[in-house]
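Here's the structure, in structure tokens; my notes come after.
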Amino acid sequence: MKNIISIILVLFIFSIGKISAQQTPGAPQKEVITIVGAIAHIGNGQIIENSSIVFEKGKITAIGNKNTISSKGKIIDATGKHIYPGFIAPNSTLGLVEIAAVRATSDHTEIGAYNPHIRSIIAYNAESKIVESMRPNGVLIAQITPRGGRISGTSSIVQLDAWNWEDAAIKTDDGVHINWPNLYSQGKWWLGEDPGFKPNKNYNKGITELNDFIAQARATVASSDTLENLPHTAMKGVFNDSKTLFIHVNSEKAILDVITFSKQNNFKKIVLVGAYEGYKVAKQLKANNIPVLITRTHSTPRQEDEHYDLPYKNAKILMEAGVLVALQNSGQMERANARNLPFQAGTVAAHGLDKEKAVQLITGNSAKILGINDIAGTLEVGKDATLFISIGDALDMRTNQLEKAFIQGREISLESHQTKLWKRYSNKYKTK
């Protein structure tokens, strides 16, 4: 009897796992594929009407007007539809947290303040249900980024259709993330302080401590006699410019302080993350060639005297000043909301930015900032065939309906937990 109960329990658990598991990753591309007739949005501000795109063994081998490119292999007719490069989600905790309220599924922070040696990639869950919900909206690549502390750790870039983190990785340990000290602190009401915001008395102290850590790390890296110190040696890539330094900062003064900090420490590859008030110092950002992963577009103004639509126009203002800008989605419910990245770009376009430049915010620009523009971000010969076909405008939630998507030439599933529920309940009220 006990054996029968055990067998039934195992079968039940297996069946539940089978229902809830992510789709099997797409098989490697075996035959040449040609997509013809679509409007191709290249990702660099250009479009090709009535296009033809050929890809083989995961790479794009030809792209141009349908009349100038010979079709090969399997032909997909996409006449009247749209082709885009796979959208890229920088600064994301996708795959690091499944259910925020369940601590065992949360692996995006570590204890301690200085953790450049913490690698987010090894905690990435390729079978996350949240990850699979990105693909039906065209988000096919993400930068998996840790949180917390003064130095959070090291991010990595993944494609969103894989068995495990090793298969998913496109670029491991691409950058180290620093959380710049806040200019203001919130009063601790439980200690009798005013609960409102006030100048942070420890702001300069935080910068001094950060500079001290960097000086110590630089000395450790330069020394061959010192015992290995993991947090220090993890900064080596930042010192020799093989890794990007991502600095999370928002206020005008703090951004200027970051520019001074980067010059003092001779950092060549830095990116600002957030930079909410970056528009106030756009000239300095341009002059110092500092790219920006801008604050989430779908936000409300932070100050009473700001324009109601400042978050919608922020990217446009910076781009017009000559700053390299891309969109990121950190904030409340950031993992689930990452699938709305194309619609955030659409909001920027609705507030004055050219539509193709808005596409760049989540394709070509993102790839440049993340250092993967040699393989992703635009539809060009030699790059990965990571792209999708949409029935309509991919920046409009009403028309962004994907028909097919490919990652490195592999056709991937567009099913998710949500699409299964949609199909299930769409039949509920049909007339019998």
Would you call N250 open to solvent by 60 Å² or more (accessible area, probe 1.4 Å) and not acidic (D, E)?
no
Exactly one condition in (1) outside any helix (DSSP H, G or I); (2) touching a Pro at 6+ places or on another chain (Cβ under 8 Å) is false for P311; which is it?
(1)
How do the pairs read when you match residues in region 27-39 that are among the hydroxyl-bearing types (S, T, Y) with residues anywhere that are open to solvent by less than 30 Å² (accessible area, probe 1.4 Å), using Cβ under 9 Å and keeping only pairs 6 or more apart or on different chains?
T34/S52; T34/I53; T34/V54; T34/F55; T34/A62; T34/I76
Residue satisfying condition, being open to solvent by 20 Å² or more (accessible area, probe 1.4 Å), modelled with pLDDT of 95 or more and in contact with a helix residue (DSSP H, G or I) (Cβ under 7 Å, 6 or more places away or on another chain), within set I39, I99, I47:
I47
With the checklist (1) aliphatic (A, V, I, L, M); (2) assigned to a loop (DSSP other than H, G, I, E, B); (3) in contact with a His (Cβ under 9 Å, 6 or more places away or on another chain) in hand, flag the one item L94 doesn't pass.
(3)
Hey, can you tell me all the residues within region 138-169 that are touching a strand residue (DSSP E or B) at 6+ places or on another chain (Cβ under 8 Å), surrounded by fewer than 24 Cβ atoms within 10 Å (Cβ to Cβ) and over 18 Å from I375 (Cα atoms)?
R147, G148, G149, R150, W165
For S390, state whether it is closer than 26 Å to V32 by Cα and at pLDDT below 95.
no
Looking at this structure, is S106 of a type in the set (S, T, Y), open to solvent by less than 60 Å² (accessible area, probe 1.4 Å) and at pLDDT 95 or above?
no
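Rundown of residues vs (1) farther than 26 Å from Q143 by Cα; (2) touching a residue at least 12 places away in the same chain (Cβ under 8 Å), yes/no style:
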{"residue": "F213", "(1), (2)": "no, yes"}
{"residue": "A222", "(1), (2)": "yes, no"}
{"residue": "H232", "(1), (2)": "no, yes"}
{"residue": "M235", "(1), (2)": "no, yes"}
{"residue": "S242", "(1), (2)": "no, no"}
{"residue": "I255", "(1), (2)": "no, yes"}
{"residue": "K269", "(1), (2)": "no, yes"}
{"residue": "K280", "(1), (2)": "yes, yes"}
Given (1) open to solvent by less than 40 Å² (accessible area, probe 1.4 Å); (2) more than 17 Å from the chain's Cα centre (by Cα), L191 misses just (1)
Any chance region 8-24 includes a residue that's at pLDDT 80 or above and surrounded by 14 or more Cβ atoms within 10 Å (Cβ to Cβ)?
no
The helices (runs of 4 or more DSSP H) lying entirely within region 316-418 that contain at least 3 residues which are crowded, with 20+ Cβ neighbours inside 10 Å and either touching a residue at least 40 places away in the same chain (Cβ under 8 Å) or in contact with a helix residue (DSSP H, G or I) (Cβ under 7 Å, 6 or more places away or on another chain) (or both) are 341-350, 355-360, 364-370
Residue among G346, G352 that alone is on the phi > 0 side of the Ramachandran plot, of a type outside the set (K, R) and over 13 Å from the mean Cα position of the chain (by Cα)
G352
Quick check on my filter: what residues within region 97-126 are over 18 Å from A168 (Cα atoms), part of a loop (DSSP other than H, G, I, E, B) and among the polar types (S, T, N, Q)?
N115
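The values are calculated or read from the model by the stated rules, or taken from the named source; none is laboratory data. Here the structure is a predicted model, which means the values were calculated and not measured. For neighbour counting, all protein chains shown are included, and Cβ atoms are generated from backbone atoms with ideal geometry for every residue, glycine included. Areas reflect the complete protein model, heavy atoms only, side chains present, ligands, DNA and RNA absent. Shrake-Rupley method; radii C 1.70, N 1.55, O 1.52, S 1.80 Å.
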